[in-house]
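Heads up: the structure comes next, in C-alpha cells.
The values are calculated or read from the model by the stated rules, or taken from the named source; none is laboratory data. A quick note: this is a predicted structure, and the numbers were derived from the prediction, not measured. Note that we place each Cβ from the backbone using ideal geometry, even for glycine, and neighbour counts take in every protein chain shown. Side chains are part of the model used for accessible areas, which takes the heavy atoms of the whole protein and leaves out ligands, DNA and RNA. Shrake-Rupley method; radii C 1.70, N 1.55, O 1.52, S 1.80 Å.
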Amino acid sequence: MHLHLLSEGRKKNAYWYEILIMLRKFATVCIGLLVPYDQSLLQMNLALGMIVGFIILQLVFWPFEHQFVNVVESTSLILQFLTVYAGSLSHSLDQESASGI
C-alpha cells in the first residue's frame, strides 16, 4: 500500500514532514483543550513556542519540491504566529486595563 499523501509534492527524503504537519495540528488542538482557560497566557506562549519551532523546521529543511509551496507553507506559519501574537498582545492590554494600570 502506497501512502502518496506522505510523499506527494515533497523532496524524496522529506516524507516525514507531512507527519509533522499532522502533529502540529494535533498539538494546537491539545494546547487549546488541555490547558485551562484561566491560563490563557500559558496557552498563547505554548502555541507561540510551537509555531516558532515549526517555522525553524520549515526554513531549515524546505521540504517541498516546488519553491512556491515552501513559500506558502512558510507564510502560513508566519501568519499563524502573528495571529497568536496579536491575541497575546490584546490579552495583555485587556489585563492591564482591567487591573487599572
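Taking every Cα-Cα distance in the chain and sorting them into 5 Å bins starting at zero, the pair-distance distribution P(r) comes out as 2, 12, 19, 20, 15, 11, 9, 6, 3, 2, 1, 0, 0 percent.
Placing +1 on the Cβ of every Lys and Arg and -1 on the Cβ of every Asp and Glu, with nothing else charged, gives the stretch 6-101 a dipole about its Cα centre of roughly 360 debye.
Here the Gaussian network model covers the chain, with springs between Cα atoms less than 10 Å apart; of SER90, SER40, SER74, SER90 fluctuates the most. Shape descriptor for the stretch 48-88: Rg over Rh equals 1.02 (Cα atoms; Rh from the Kirkwood inverse mean 1/r).
Note on the chain: GNM, Cα springs under 10 Å; of ILE51, ILE21, ILE31, the largest mean-square fluctuation is that of ILE21.
Length gained on full extension, VAL60 to TRP16, computed as 0.36 nm times the residue gap minus the Cα-Cα distance: 14.4 nm. Based on the reciprocal of the average 1/r between different C-alpha atoms, the Kirkwood radius for the stretch 27-67 equals 11.5 Å. Derived scalar couplings between HN and Hα for the stretch 91-97 equal 5, 5, 5, 5, 5, 5, 5 Hz in order, rounded to whole Hz, by the Karplus curve 6.51 cos²θ - 1.76 cosθ + 1.60 (θ = phi - 60°), x for Gly and Pro. Of the solvent-accessible surface of the chain, computed with a 1.4 Å probe over protein heavy atoms with every protein chain present, carbon and sulfur atoms account for 69 percent.
Between THR83 and GLN39, the simple spin-label model (points 7 angstrom out along Cα→Cβ) gives 2.4 nm.
Note on the chain: with a GNM built from Cα contacts shorter than 10 Å, the maximum mean-square fluctuation among ASN70, ASN13, ASN45 falls on ASN13. Compared with the dominant Cα axis of the chain, that is its longest principal axis, helix 40-61 is turned about 30°.
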